Amino acid sequence: MTVLQAVILGIVQGLTEFLPVSSSAHLVIVPWALGWEFDPAYAFAFDVLVQMGTLLAVVVYFARTLREMLAAVGSGLRARRPFVDSQARLGWLILVATLPAVVAGLLLHDLVEAVFGSPTAVFTFLLLTGALLAGAERFGRPQRGLDHLNAADAVAVGAAQALALFPGISRSGSTISAGLLRRLRRPEAARLSFLMSIPVMVGAGLVGLKDLADLAPSPELLLPVAIGFLTSAIVGYLSIRWLLAYLAGHRLTVFAVYCFVVGILGLVLTWRDG
């Protein structure tokens with residue numbers, strides 16, 4: 001992998017991690033469309049580790065919220081009233097929402113890694129993302145804020161996040177859609193989605209580090225990872241700011257249409273070339 005390829009993939013990751021169009025799909029589609037060929041094991045580790053750049057972006061963007069949440073959780077535990085504060089309750093519910101993805105990730109790691117090598121599967125899952133977004137806009141009744149989040153909401157959104165282990169199913173798209181179906185307002189559903197991404201991306205990054213260490217990469221292979229990480233962090237931060245502002249006054253329809261168009265066009269091209 002060259003430095004230029006790492007920069008391009010870092011930009012792709014930063015743009016698509018938070019936009020509901022599947023970053024994992026685009027990290028498969030872009031090399032496929034440009035004719036880039038990488039070692040599958042290295043490519044999978046690179047894709048996971050470059051997500052750590054977007055993890056840095058979301059941590060920096062929500063630093064104040066995270067500080068308040070952790071302080072509230074600590075105060076609640078010391079007072080033996082862990083759920084009395086709304087910020088503490090949100091922290092515990094995010095932990096609950098993380099569990100489905102953790103379990104699914106441990107059980108399906110090898111299958112997910114194999115799917116990363118199948119453009120046909122990626123395009124098919126991208127159509128599913130489009131269906132989730134369109135369905136959420138059709139059937140969702142957004143009217144609630146995060147202060148009204150409950151355990152049932154956390155489990156539902158967490159289950160949607162577990163689906164996003166497969167490339168093509170957008171993590172932000174599936175979780176925001178689930179939030180809308182649980183009657184959360186669009187910006188609130190997006191904020192929950194972004195906060196939920198933190199523990200999942202930490203876990204995925206640790207797995208990616210292990211996979212990369214198993215490859216015993218040479219120093220020249222580590223440089224693209226570092227560049228991709230930095231690029232995705234910068235672009236990811238800007239993407240979070242833009243999407244939260246956009247969802248304050250717009251629907252998800254444009255992203256659903258994008259997923260349908262790219263998914264259908266990609267399947268046509270793979271069938272033609274196959």
Counting only residues in segment 71-105 that are of a type in the set (Lys, Arg) and part of a helix (DSSP H, G or I), the one farthest from ALA156 (Cα to Cα) is identified as ARG78
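Hey, can you tell me all the residues within segment 42-89 that are small (Gly, Ala, Ser) and within 23 Å of the chain's Cα centre (by Cα)?
Across segment 42-89, the qualifying residues are ALA43, ALA45, GLY53, ALA57, ALA63.
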Quickly run through segment 17-31 and pick out the residues that are within 15 Å of LEU128 (Cβ to Cβ) and assigned to a loop (DSSP other than H, G, I, E, B). PRO20, VAL21, SER22
If you go through segment 139-162, how many residues are exposed (fewer than 13 other Cβ atoms within 10 Å of the Cβ), at pLDDT below 90 and closer than 27 Å to VAL257 by Cβ? 2
From the list ALA189, ALA162, ALA136, ALA152, exactly one residue is part of a helix (DSSP H, G or I) and free of Cβ contacts under 8 Å to residues at least 40 places away in the same chain. Which is it? ALA152
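Out of the residues in segment 169-196 that are out of contact with any Asp or Glu (no Cβ under 8 Å at 6 or more places or on another chain) and closer than 15 Å to VAL102 by Cβ, which is surrounded by the fewest Cβ atoms within 10 Å (Cβ to Cβ)? Quick ask: steps written out before the conclusion?
If we filter segment 169-196 for residues that are out of contact with any Asp or Glu (no Cβ under 8 Å at 6 or more places or on another chain), which is where we start, we get 169-170, 173-178, 181, 183, 185-196.
Checking the rest, the ones that are also closer than 15 Å to VAL102 by Cβ come to 175, 196.
Details: THR175: 31, MET196: 26.
Out of the qualifying residues, it is MET196.
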Cβ contacts < 7 Å: first residue farther than 20 Å from GLY236 by Cα, restricted to segment 51-77; second residue of a type outside the set (Ser, Thr, Tyr) and exposed (fewer than 15 other Cβ atoms within 10 Å of the Cβ), any location; separation 6+ or different chain. Result? GLY76/PHE83; GLY76/VAL84
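The values are calculated or read from the model by the stated rules, or taken from the named source; none is laboratory data. What you see is a predicted model; the values in this text were computed from it and never measured. Cβ sites come from the backbone with ideal geometry, for glycine too, and all protein chains shown count toward neighbours.
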